[in-house]
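Asks: Here it is: the structure, laid out below.
Laboratory data are not the source of any read-out in this text; all were calculated from the coordinates shown. Since the structure is predicted, the reported quantities are computational estimates derived from the model, not experimental observations. Glycine also receives a Cβ, built like all others from the backbone with ideal geometry; neighbour counts cover every protein chain displayed.
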Amino acid sequence: MKTWKILLAALLLMPAYGNTNSELGSKNEPQMLTTIHDSPYDFDKTVLTLREAIESHNFRTFPDRFLEQGLTDEFSVNQRQLSIRFCNFNQLDKALKLEPRLGVLLPCAITVIEHENGEVQLFAANISAMAALFDNAPLTELIGDLQDSYDDIIEEVTF
């Protein structure tokens, strides 16, 4: 079980290379595919605040998923590792019209993890870096708006 966790962490923390706009950096400058943020709150308050922030930005939430769900039996799942999945269907429709392959990155998700020491962190996709991998300028511009929403949501939860 630890092996898959290490592989998943390595994949999510790999830098991505590609065409980027000036806000992200220059071409071929590595961008992390995952952003990590410390929460000032405990696990339950972080999850509650995250849900409120997501809904306030006109996203629809899906049923929660535990990070280990489907990878271990239901009684061994760590319930302090929760993925909140969400979507804004208007933005999704526009993005998929520009780049159908974008579907492999969906839905949007922010994962809340409470470590053994009680520290709580949020893990979110750097969707701007992921969009740059498609080398599609109109998509990169559209995803910039979505990234702004992500950033606002994270800021509401962590400050």
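Asks: Can you give me the relative contact order of the range 26-101 as a percent, contacts being Cα pairs under 8 Å and 6 or more apart?
Replies: 25 percent
Asks: Obtain the nm distance between the two label points defined at residue 94 and residue 32 by a simple spin-label model: each point lies 7 Å from its Cα along the Cα-to-C-beta direction.
Replies: 2.8 nm
Asks: Further question: P(r) for the range 52-136: what percent of alpha-carbon pairs falls in each 5 Å bin, starting at zero?
Replies: Reading upward from the zero bin: 3, 12, 20, 20, 18, 14, 9, 4, 1.
Asks: Calculate the FRET efficiency for residue 101 and residue 141 from the Cβ-Cβ distance with a Förster distance of 22 Å, rounded to the nearest 0.05.
Replies: Result of the calculation: an efficiency of 0.80.
Asks: In the range 56-97, if the dipole is taken from +1 on Lys/Arg beta carbons and -1 on Asp/Glu beta carbons about the Cα centre, which of 84, 96, 72 is farthest to the positive end?
Replies: 96
Asks: Next up: Which FRET efficiency value, to the nearest 0.05, is calculated for residue 148 and residue 60 with the Förster distance at 22 angstrom and r the Cβ-Cβ distance?
Replies: 0.75
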